[in-house]
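Have a look at the structure below before the remarks.
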Amino acid sequence: MPYQALGAPPPDLQPTPPVYPGPPPKTSAMTWVLRGLGLVLVAAVSGMIWWSLQSGSGGGDSPKTSTSKKPGQFEYSTVAERVIDSDCAANATGKVRQHFQDHPCKQVYRALFSTTSDKDGKKILVSVIAVRMPDATAANELRALVDGEDTGNVKDLTRDDKVKVEGGPQWVAYGEYKSKVNKDLVVIVESDFYGAARDDARDSDTLSRVSTDALRLGDQIAE
């Protein structure tokens with residue numbers, strides 16, 4: 001029997017030495033970089049989600065977008081940019097000229113456009129004139145006068161010799177005429193086919209529709 005110290009517990013009952021945990025593993029520099037990139041990515045995604053929610057909320061700080069004007073029946077190309085004048089009498093004829101001498105306008109805007117027939121593709125010249133009067137009453141009085149027979153009118157740019165239109169009609173006034181009043185603004189539109197002379201046969205229906213549609217251009221050139 002092997003020697004055993006007095007009072008010592010048998011070998012199989014000896015206490016197991018305690019095991020102490022070692023130091024935690026060191027984090028490499030690459031690990032820290034990857035963690036940092038992950039945090040940046042999370043922050044970026046969160047920011048994008050927040051911005052998306054704010055933009056769609058209709059709050060006061062969201063950017064406003066302009067609404068495009070509703071298109072009309074015909075499309076137009078500019079032949080002559082608008083000409084602005086404050087002397088309407090100098091740019092009118094007949095009784096309309098006399099009327100302006102007693103009832104001066106505030107501003108007259110004139111421009112030329114072209115479009116094409118939706119039936120046969122023929123080119124059409126369109127004169128658009130907008131006259132700004134002191135108030136709506138004066139505007140309605142002017143419209144009643146220009147709508148009358150043999151009362152004269154505001155001269156379009158071709159008649160005023162300010163613009164020469166190659167191949168244009170003899171005079172747009174030989175075509176179709178339309179007018180309207182928008183508060184203090186009187187809009188006058190005349191249109192005729194390119195190359196048309198005074199006594200030529202015309203598609204009056206198409207010219208009438210063009211002149212009616214082009215009335216909306218008067219509000220635009222007076223802006």
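Taken over the range 57-101, the criterion of being on the phi < 0 side of the Ramachandran plot, in contact with a Gly (Cβ under 9 Å, 6 or more places away or on another chain) and modelled with pLDDT of 95 or more is satisfied by V79, A92, T93, K95, V96, R97, Q98, H99.
Taken over the range 135-194, the criterion of being closer than 20 Å to T78 by Cβ and free of Cβ contacts under 8 Å to residues at least 12 places away in the same chain is satisfied by D161, K164, E166. Say whether the condition of being open to solvent by 50 Å² or more (accessible area, probe 1.4 Å), small (G, A, S) and either part of a helix (DSSP H, G or I) or modelled with pLDDT under 95 (or both) is met by at least one residue in the range 189-201. No, because not a single residue in the range 189-201 is open to solvent by 50 Å² or more (accessible area, probe 1.4 Å), small (G, A, S) and either part of a helix (DSSP H, G or I) or modelled with pLDDT under 95 (or both). Just give me the residues in the range 120-157 being in contact with a helix residue (DSSP H, G or I) (Cβ under 6 Å, 6 or more places away or on another chain) and more than 19 Å from L217 (Cβ to Cβ), in sequence order. Matches in the range 120-157: L145, T151, G152. Are there any pairs with C-beta distances below 7 angstrom linking a residue in the range 205-219 that is farther than 17 Å from R82 by Cα to a residue that is of a type in the set (D, E, K, R) and open to solvent by 30 Å² or more (accessible area, probe 1.4 Å), with the two at least 6 apart or on different chains, and if so which? Cβ pairs passing all conditions: T206/K119; L207/E176; S208/E176; S211/E176; S211/K178; T212/K178. Taking the conditions (1) open to solvent by less than 50 Å² (accessible area, probe 1.4 Å); (2) over 23 Å from A89 (Cα atoms) in turn, Q170 satisfies each one other than (1).
In the range 72-94, of all residues being farther than 13 Å from N153 by Cα and assigned to a loop (DSSP other than H, G, I, E, B), the one that is least open to solvent (accessible area, probe 1.4 Å) corresponds to F74. Can you find a residue that is over 24 Å from the mean Cα position of the chain (by Cα), within 21 Å of K95 (Cβ to Cβ) and open to solvent by 30 Å² or more (accessible area, probe 1.4 Å) anywhere in the range 175-186? Within the range 175-186 (the criterion being over 24 Å from the mean Cα position of the chain (by Cα), within 21 Å of K95 (Cβ to Cβ) and open to solvent by 30 Å² or more (accessible area, probe 1.4 Å)), the answer is yes, since at least one residue qualifies.
Answer with yes or no whether R132 is in contact (Cβ under 8 Å) with a residue 24 or more places away in the chain and among the basic types (K, R). Criteria met by R132. Check whether at least one residue in the range 95-115 is buried (at least 21 other Cβ atoms within 10 Å of the Cβ), free of Cβ contacts under 8 Å to residues at least 60 places away in the same chain and assigned to a loop (DSSP other than H, G, I, E, B), and report yes or no. Within the range 95-115, one or more residues are buried (at least 21 other Cβ atoms within 10 Å of the Cβ), free of Cβ contacts under 8 Å to residues at least 60 places away in the same chain and assigned to a loop (DSSP other than H, G, I, E, B).
The values are calculated or read from the model by the stated rules, or taken from the named source; none is laboratory data. What you see is a predicted model; the values in this text were computed from it and never measured. Here the Cβ is made from the backbone with ideal geometry for all residues, glycine too, and neighbour counts use every protein chain on show. Ligands, DNA and RNA are excluded from the accessible area calculation, which covers all protein heavy atoms including side chains. Shrake-Rupley method; radii C 1.70, N 1.55, O 1.52, S 1.80 Å.
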